[in-house]
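Peer 1: Shown below is the structure under consideration.
The values are calculated or read from the model by the stated rules, or taken from the named source; none is laboratory data. Quantities reported herein were computed from a predicted structural model and do not represent experimental measurements. Cβ: placed from backbone, ideal geometry, glycine included. Neighbour counts: every protein chain shown. Note: accessible area is taken over every heavy atom of the protein model, side chains too, but ligands, DNA and RNA are not part of it. Shrake-Rupley method; radii C 1.70, N 1.55, O 1.52, S 1.80 Å.
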Amino acid sequence: MNKIGLFFLRYNGLMVFILLETISIYIYFSQNQTQEKTAFLSSANRMVGNLYDYRSKWTRYWNLAAVNDSLARENARLKSKLPNAMYDNSVKKGILQQDSLFQRYQFTEASVINNSVAKRNNYLTLNKGSKHGIKPKSGVINAYKDGIVGVVVSVNEHFSTVMSLLHENSRVSAKIQRNGYFGILSWNGKDPRLAQLESIPRHFKIKKGDCIITSGFSSMFPEGNVIGYIESYRFDAGSNFYSIQVRLIIDLFNIQNVYVVDDLMKWEKEKIEQIQNNE
Amino acid sequence: MNNKYIYILFHFIILILIQGLVLQYVGYENINLFIYPLFILLLPFDLPHGIIVLLGFITGISIDIFYDGYGIHSSTTVLMAFARPLILSIIEPRNGYEGNQKISIPALGLRWFSSYLAIFLFFHIFFYFTLEDLSLSWFSLARILVSFIFSFFIILLYQYLFNSRK
């Protein structure tokens with residue numbers, strides 16, 4: 001058996017090529033389609049994750065890192081106490097009772113230890129993983145100020161990878177703050193500072209400088225997080241929809257601290273929506 | 001003999017680390033810089049073809065892990081490793097290669113080396129970006145050209161600085 005393998009390696013480059021090229025192409029196309037990815041083949045891989053961790057420790061001023069971490073933890077705790085992280089349980093009684101707010105979103109702070117904006121499909125690596133309660137398909141938002149970063153795609157014990165907003169398959173449900181029209185935010189692969197808002201019908205009135213916020217329709221991001229502002233818009237000939245350029249509020253190139261959003265009522269929401277879909 | 005293989009392993013680790021920890025962050029906007037194809041480029045002449053393709057796969061998968069590429073670098077590198085003998089035969093000097101000759105600038109001359117590097121690197125970058133975009137446009141052609149020019153000079157510089165002995 002061993003001898004046959006050796007024979008192929010020695011004389012038959014073509015066979016080895018066909019075998020390995022099929023494997024690579026298969027990995028590329030199968031992994032690109034699905035949402036959850038194999039952690040072993042990404043930088044959530046333990047060895048590379050550790051390497052990235054060391055590098056970011058060297059590049060960061062070591063004393064600041066410790067201070068930063070404690071501040072971020074404190075901030076995440078405070079942020080989950082804000083009203084927009086709660087589920088409003090009051091039923092039009094005029095006054096908001098103390099016990100009518102339930103915890104809906106929970107925020108876990110994490111540091112970005114690897115990032116890219118230069119590719120067509122960009123990913124980030126975070127220094128927190130399943131041990132810290134991070135789950136796939138949860139949203140990632142920027143710490144300290146508004147702006148969204150992406151969606152967690154794979155998780156292992158200590159690290160997780162995030163599909164950046166700057167990705168071919170990234171779709172975020174967003175709306176215009178002034179009048180509530182909602183559309184889908186995606187990225188066309190060109191300028192990392194501009195994203196595109198689609199499916200807003202052209203009979204709606206919009207104007208330059210309108211604020212774009214998260215809609216809260218998906219359970220990835222809480223409602224009302226500012227994403228960016230309308231930079232420009234135009235109609236394509238024959239289309240019923242605007243084509244809108246949105247200037248992102250954060251520079252995805254230099255994010256360091258993020259919050260991972262965990263929707264505690266996700267299961268409940270998905271279950272009720274599932275009933276509709278099945279009918 | 002043994003020494004040669006230790007050198008190849010050492011070179012592999014160095015190039016993967018330069019690519020994964022340094023060059024990955026130097027690229028601007030849509031420009032990517034490549035140095036790891038140099039590993040396949042410099043493998044000795046007397047290695048069997050199958051081994052070269054296998055080493056191409058290992059290199060590509062390692063870079064994929066750093067880049068979250070999920071197979072894109074390994075597809076490209078396996079293809080280029082397979083095409084290496086073809087490229088070598090196209091630009092073969094008049095008196096041929098010697099079996100145990102080392103591929104380097106002093107051994108084969110700057111002119112030969114830069115045409116070898118240019119052909120190899122251009123097709124590598126071309127396949128990489130085509131696989132990434134799955135279409136061709138003026139925009140992706142511009143990316144290919146700029147990435148190619150910068151990567152070419154980085155590799156030449158690297159060769160001069162660290163690998164110029166015979």
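Peer 1: Restricting to strands (runs of 3 or more DSSP E) lying wholly in segment A:183-279: which have 1 or more residues that are more than 16 Å from the chain's Cα centre (by Cα)?
Peer 2: The strands (runs of 3 or more DSSP E) meeting that bar are A:194-198, A:211-214, A:226-235, A:242-248.
Peer 1: Right, something else. Output the residue which, of all residues in segment A:139-148 that are on the phi < 0 side of the Ramachandran plot and open to solvent by 10 Å² or more (accessible area, probe 1.4 Å), is nearest to the chain's Cα centre (by Cα).
Peer 2: Per the criteria, the residue is A:N142.
Peer 1: What pairs come out if I take residues in segment A:250-267 that are of a type in the set (S, T, Y) and pair them with residues that are surrounded by fewer than 17 Cβ atoms within 10 Å (Cβ to Cβ) and at pLDDT below 85 whose C-beta lies under 9 Å away, six or more apart or interchain?
Peer 2: Between residues of segment A:250-267 that are of a type in the set (S, T, Y) and residues that are surrounded by fewer than 17 Cβ atoms within 10 Å (Cβ to Cβ) and at pLDDT below 85, the close pairs are A:Y259/A:N75.
Peer 1: Next up: Taking segment B:105-154 as the region of interest, how many residues are under 19 Å from A:A118 (Cβ atoms) and aliphatic (A, V, I, L, M)?
Peer 2: Residues in segment B:105-154 being under 19 Å from A:A118 (Cβ atoms) and aliphatic (A, V, I, L, M): 11 in total.
Peer 1: Determine which single condition A:E223 fails, assuming it passes every other condition in (1) in contact (Cβ under 8 Å) with a residue 40 or more places away in the chain; (2) surrounded by 14 or more Cβ atoms within 10 Å (Cβ to Cβ).
Peer 2: For A:E223, the exception is condition (2).
Peer 1: Taking the residues in segment B:45-83 that are open to solvent by 20 Å² or more (accessible area, probe 1.4 Å) and either assigned to a loop (DSSP other than H, G, I, E, B) or of a type in the set (S, T, N, Q) (or both) as candidates, determine which candidate is nearest to the other protein chains (Cβ to nearest Cβ).
Peer 2: Top of the filtered list is B:P48.
Peer 1: Taking the condition of being farther than 19 Å from B:N30 by Cβ and either open to solvent by 20 Å² or more (accessible area, probe 1.4 Å) or within 13 Å of chain A (Cβ to nearest Cβ) (or both), how many residues in segment B:106-148 meet it?
Peer 2: So the count comes out to 12.
Peer 1: Further question: Looking at B:F34, is it part of a loop (DSSP other than H, G, I, E, B), in contact (Cβ under 8 Å) with a residue 12 or more places away in the chain and surrounded by fewer than 21 Cβ atoms within 10 Å (Cβ to Cβ)?
Peer 2: So B:F34 does not fit the description; no.
Peer 1: Which one is modelled with the highest pLDDT among residues in segment A:35-66 that are open to solvent by 50 Å² or more (accessible area, probe 1.4 Å) and among the polar types (S, T, N, Q)?
Peer 2: Ranking the qualifying residues of segment A:35-66, first place goes to A:N50.
Peer 1: Quick check on segment A:67-75. Is at least one of its residues farther than 23 Å from A:S170 by Cβ, within 12 Å of chain B (Cβ to nearest Cβ), open to solvent by 80 Å² or more (accessible area, probe 1.4 Å) and modelled with pLDDT of 65 or more?
Peer 2: Scanning segment A:67-75, I find no residue that is farther than 23 Å from A:S170 by Cβ, within 12 Å of chain B (Cβ to nearest Cβ), open to solvent by 80 Å² or more (accessible area, probe 1.4 Å) and modelled with pLDDT of 65 or more, so the answer is no.
Peer 1: Scan segment B:93-113 and give yes if some residue there is in a helix (DSSP H, G or I) and among the aromatic types (F, W, Y), otherwise no.
Peer 2: Yes, there is a match, as at least one residue in segment B:93-113 is in a helix (DSSP H, G or I) and among the aromatic types (F, W, Y).
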